Amino acid sequence: MRGFTLIELLVVIALIGVLGSVLLVIIDPLGQIRKGRDTQRKTDLAQIQRPLEFYYSDKGRYPELIPFGAEWKEADVVYMAKVPQDTLFPAQRYVYQAAADGSWYTLYVRLELGGTNLEVNCPTSPCNYVVSSPNAP
């Protein structure tokens, strides 16, 4: 009865390891995770836009600030139960900027894999994805 030698087993294990490494590079699971987080960020900005438009229709102007990560409520009106914020980088990812007269707003975000606008100078750091009110400059 003949079995495998130690050398044969080591060669097969090494080949499996090399093939596994190549597959990990090709599949890029971390890229898919980053892509998912970027998709969530874009969805968050779209969700924030709706209450901004409700606020505008109520008050005739856009708000000066948005409470990211908290309830957005003014008087008896709740605009959002909880304004989304980036779970990975809550302090630096979402940026809201409004005109001094409240006539327009812009929401900026820094995506991990890049966005539609390559590099935009947002107020705090470089951003690469922007959504804004229809009348933004």
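Which of the residues that make up region 94-104 are touching a Pro at 6+ places or on another chain (Cβ under 8 Å) and touching a residue at least 40 places away in the same chain (Cβ under 8 Å)? Across region 94-104, the qualifying residues are 94, 102, 104.
Yes/no matrix, rows are residues, columns are (1) in contact with a Ser or Thr (Cβ under 9 Å, 6 or more places away or on another chain); (2) closer than 25 Å to residue 102 by Cβ:
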{"position": "11", "(1), (2)": "no, no"}
{"position": "20", "(1), (2)": "no, no"}
{"position": "37", "(1), (2)": "yes, no"}
{"position": "40", "(1), (2)": "yes, no"}
{"position": "48", "(1), (2)": "no, yes"}
{"position": "51", "(1), (2)": "no, yes"}
{"position": "67", "(1), (2)": "no, yes"}
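On the basis of being modelled with pLDDT of 90 or more, surrounded by fewer than 14 Cβ atoms within 10 Å (Cβ to Cβ) and not in a loop (DSSP other than H, G, I, E, B), does residue 32 make the cut? It is false that residue 32 is modelled with pLDDT of 90 or more, surrounded by fewer than 14 Cβ atoms within 10 Å (Cβ to Cβ) and not in a loop (DSSP other than H, G, I, E, B).
The values are calculated or read from the model by the stated rules, or taken from the named source; none is laboratory data. Just so it is clear, the structure is predicted and the values come from calculations on it, not from any experiment. As a convention, Cβ positions derive from the backbone with ideal geometry for all residues, glycine included, and neighbour counts pool all protein chains shown.
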